[in-house]
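Every number here is computed from the coordinates shown, using simple stated rules; none is lab data. Only a predicted model underlies this, so the values are computations on that prediction, with no experimental measurement involved. Every residue, glycine among them, receives a Cβ derived from its backbone with ideal geometry; neighbour counts consider all protein chains shown.
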């Protein structure tokens, strides 16, 4: 049971970390723009531009660990099945497990 929780937390942390670093800004030549990086813009996930991200839209992006539905539910703070830009930008990944 402890190992399952540990692997879930590590996987979830990895998925959120990936989402926060996966899409780096690019300069005109296709290389890095020299920006600070950070999470991809919300608009990259809001595929239809309606101001909210659904699980279907979220699932279009690869995540390195965890299930899309589990990660999505962690970001969806009010549990309404949609992630707003505020929920997306204010979400903090869980701290890595202490050893």
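Could you please let me know if residue 77 is closer than 22 Å to residue 49 by Cβ and free of Cβ contacts under 8 Å to residues at least 24 places away in the same chain? Explain how you work it out, then say what you get.
Working: closer than 22 Å to residue 49 by Cβ: yes; free of Cβ contacts under 8 Å to residues at least 24 places away in the same chain: yes.
In short, yes.
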| task | Search the stretch 63-74 for residues being out of contact with any strand residue (DSSP E or B) (no Cβ under 9 Å at 6 or more places or on another chain) and closer than 23 Å to residue 50 by Cα, and hand back the single one that is surrounded by the fewest Cβ atoms within 10 Å (Cβ to Cβ). | result | 69
| Candidate set from the stretch 80-99 (those that are free of Cβ contacts under 8 Å to residues at least 12 places away in the same chain and surrounded by 10 or more Cβ atoms within 10 Å (Cβ to Cβ)); member that is farthest from residue 42 (Cα to Cα) | 80
